[in-house]
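The values are calculated or read from the model by the stated rules, or taken from the named source; none is laboratory data. Model, not experiment: these values are computed from the prediction. So basically every Cβ, Gly included, is an ideal-geometry build from the backbone, and we count neighbours across all protein chains shown.
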Amino acid sequence: MPVCPICFHHCNLSEGQTGFCKARACFNGKIVGLNYGRISSLALDPIEKKPLYHFYPHSAILSVGGFGCNLRCPFCQNHHISMSGMNEVPTQPMSPRELTELALNLAKQPRGNLGVAFTYNEPFISFEYVRDCCQLLHQVGLKTVLVTNGHINKGPLVELLPLVDAMNIDLKGFTQGYYTYLGGDFEQVKQTIETAYDRCHIEVTTLIVPTLNDSAAHMRAEAEWLASLSSEIPLHISRYFPHYKLTNIPPTPVETVLYLCDVARQYLRYVHAGNC
C-alpha cells in the first residue's frame, strides 16, 4: 500500500482510502489530492490579516482555501472547511491557470493584488495544486504566500520553497504534549521553521489558550529558540476565543497576551499582539 509523502502522519492507504487529512487518497495505487483545484473560500484580504506585518505591508492579496487539515485543533476558527472532506463542503473548480488569471486581473484593479495566499485550511495537504499555482503565479510576477501549521515532511517542503515568497507558520505551543493534544508533531513544525526561515520571508503565530499553553516559561523557551535562528523573525501572539469543540475555556485575557509579548521581546525584535 502506498504511503502519503506529505506529513508526519505517513498515512498508509489502501485503494480508495482517504488519509487523516481528508484531502488525500489512494487511487490506482497512487496518492492523489482529492482537493486539487477545489476552492471553498476566496477573498481579497489585507496582507496583515494573514498575519504578515513585514511583507509588503498595506497590500491586498487574493486568499484561497480548499478543505481538510492534518491537525485536529478543537478551537479551529475554520472548522467548517478544515474538518471537512470531499463533498462535505461546497467547492468550485478552479485550475491553476484560472486562479492565476483571476489574481492577475485583480492586480490591475485600483486596490491592486500582491498575489495569492493559500490559507483558511492547511495548504500543504494541497501540495500539487499549490506547487502548480505557484509556478504560474511567479511566471506573471505575482507573489505567493502560505499560511500553514508547518506539518510537512522535509522533502516536499524543500521542493516547494523556491516557489514560495512568504509564510506565516503556526507554532501552536512549545511542547510535544500540547501538540499531541492537537494531533500534531512539535519537532516537524520546528523543522519547517528551521528549513524555511532563510529561504523565504517567514512570520510565526502562537495562539494563546488559557491553562493550555499560556506559560511564561514556555513562551520564553519559544522566543529564545526562534532567536537562535534569527532575532528578526516576527512573532504574533494572539488571543484565543471559544469556538468549535472548545467552548468551556473563556477568551484569553488581554493582559496575558501583553505580558507574553513582553517576555518574547527579551529575545525577538518584532513581537505583535493579535486580537487585542
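Of note:
- The listed residue being in contact with a helix residue (DSSP H, G or I) (Cβ under 8 Å, 6 or more places away or on another chain) and of a type outside the set (A, V, I, L, M), out of T205, T211, T180, T192: T192
- Taking the criterion of being in a loop (DSSP other than H, G, I, E, B) and either surrounded by 20 or more Cβ atoms within 10 Å (Cβ to Cβ) or free of Cβ contacts under 8 Å to residues at least 12 places away in the same chain (or both), the residues of the range 43-60 that qualify are K50, L52, F55, P57.
- Close pairs (6 angstrom Cβ cut-off, 6 or more residues apart or separate chains): farther than 19 Å from I152 by Cα in the range 21-42, part of a strand (DSSP E or B) anywhere: G37/P93; I39/V64; I39/Q92; S40/G65; S41/G65; L42/V64
- Residue check, E15 out of contact with any Leu (no Cβ under 6 Å at 6 or more places or on another chain) and within 13 Å of G115 (Cα to Cα): no
- Note on the range 141-161: residues that are closer than 22 Å to C4 by Cα and either part of a helix (DSSP H, G or I) or of a type in the set (V, I, T) (or both) amount to 11.
- The range 256-271 residues that are within 15 Å of E224 (Cβ to Cβ) and in contact (Cβ under 8 Å) with a residue 24 or more places away in the chain, paired with ones that are among the charged types (D, E, K, R) and part of a helix (DSSP H, G or I) (beta carbon under 8 Å, 6 or more apart): V263/R220; A264/R220; A264/E222; Q266/R220; Y267/R220; Y267/E224
- Options S63, S84: the member that is at pLDDT 95 or above, crowded, with 18+ Cβ neighbours inside 10 Å, in a strand (DSSP E or B) and out of contact with any Pro (no Cβ under 8 Å at 6 or more places or on another chain): S63
- A single entry from E203, E194 fulfils the requirement of being surrounded by 21 or more Cβ atoms within 10 Å (Cβ to Cβ), charged (D, E, K, R) and under 21 Å from I152 (Cα atoms): E203.
- Some residue of the range 218-235 being surrounded by fewer than 22 Cβ atoms within 10 Å (Cβ to Cβ), out of contact with any His (no Cβ under 7 Å at 6 or more places or on another chain), in a helix (DSSP H, G or I) and of a type in the set (S, T, N, Q): yes
- Meets criteria (in a loop (DSSP other than H, G, I, E, B), over 25 Å from H243 (Cβ atoms) and either in contact with a Gly (Cβ under 9 Å, 6 or more places away or on another chain) or not charged (D, E, K, R) (or both)) for N113: yes
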